[in-house]
1. Which ones in segment 41-63 are of a type in the set (Gly, Ala, Ser) and in contact (Cβ under 8 Å) with a residue 12 or more places away in the chain?
2. Can you name every residue in segment 45-58 that is under 19 Å from Phe99 (Cβ atoms) and in a strand (DSSP E or B)?
3. Which residues, taken from segment 15-31, are more than 17 Å from the chain's Cα centre (by Cα) and either crowded, with 16+ Cβ neighbours inside 10 Å or not in a loop (DSSP other than H, G, I, E, B) (or both)?
4. Picking from Thr131, Thr104, Thr112, which residue would you name as being at pLDDT 95 or above, in contact with a Phe, Trp or Tyr (Cβ under 6 Å, 6 or more places away or on another chain) and among the polar types (S, T, N, Q)?
5. Of the residues that sit in segment 107-123 and are of a type in the set (Lys, Arg) and in contact with a strand residue (DSSP E or B) (Cβ under 6 Å, 6 or more places away or on another chain), which one is surrounded by the fewest Cβ atoms within 10 Å (Cβ to Cβ)?
6. Determine the pairs where a residue that is under 14 Å from Phe69 (Cβ atoms), located within segment 140-163, has a partner that is modelled with pLDDT under 90 and of a type in the set (A, V, I, L, M) with Cβ atoms under 7 Å apart, the partner being 6 or more residues away or on another chain.
7. Kindly check whether there is at least one residue in segment 50-66 that is at pLDDT below 95 and surrounded by 13 or more Cβ atoms within 10 Å (Cβ to Cβ).
8. Quick one: what pairs do we get from segment 28-40, first residue more than 14 Å from Lys116 (Cα to Cα), second in a helix (DSSP H, G or I) and modelled with pLDDT of 95 or more, C-beta under 8 Å, 6+ apart or different chains?
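The values are calculated or read from the model by the stated rules, or taken from the named source; none is laboratory data. Model, not experiment: these values are computed from the prediction. All Cβ positions, even for glycine, are placed from backbone atoms using ideal geometry, and neighbour counts span all protein chains on display.
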Amino acid sequence: MKLIVPALLLFCFSLYSQHTLSFEEGFNSPKATLEQVAWMTGHWKGEAFGGITEEIWSPPLGGSMMFSFKLVADGKVTFYELGHIKEIENTLLLQLKHFNGDLTGWEEKEDTVDFKLVKLEDNKIYFDGFTMERISDQEVNIYVVIGHEDGTEEEMKFNYKKQ
């Protein structure tokens, strides 16, 4: 019994601290429009990976919301992301590509990293392993599951303030 209680508490804490959801095979993404996520529009700054992070989100136009991400550490760009959320088949899909500071790509030319929509709430957008949370009109959190070379995964939190 003494071992069960700490294990149960650890299990409950890990459930409570997790902010991302996974897309399960056979699941269909819920219906959604870009207007439901337009609150991400703007210029956002935060800190992560030992540097300054910046995201810029355009308002919905042409069936997508475009974004750029930049990480600056030690006064130099470490990497970029470029992507969009697009409306497709009455739901949303988040797609992105990574680039080194010199704009050489990480993914193959035709490949994107795709995040299917899992769930949508008034102030949260749950993509597969990627969640956006509106704290206020001036603050958002983004939670991302990041895989490591040893096969482990970790959920990271990025806090942004509107500029």
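1. Result: Gly42, Gly46, Ala48, Gly50, Gly51, Ser58, Gly63.
2. Listed by number, the residues that qualify are Ala48, Gly51, Ile52, Thr53, Glu54, Glu55, Ile56, Trp57.
3. Once the filter is applied, which keeps residues that are more than 17 Å from the chain's Cα centre (by Cα) and either crowded, with 16+ Cβ neighbours inside 10 Å or not in a loop (DSSP other than H, G, I, E, B) (or both), segment 15-31 yields Leu15, Tyr16.
4. It is Thr131.
5. Lys119
6. Once the first residue is under 14 Å from Phe69 (Cβ atoms) and sits in segment 140-163, its partners that are modelled with pLDDT under 90 and of a type in the set (A, V, I, L, M) give Met156/Ile146.
7. no
8. Partner pairs satisfying both residue conditions: none exist.
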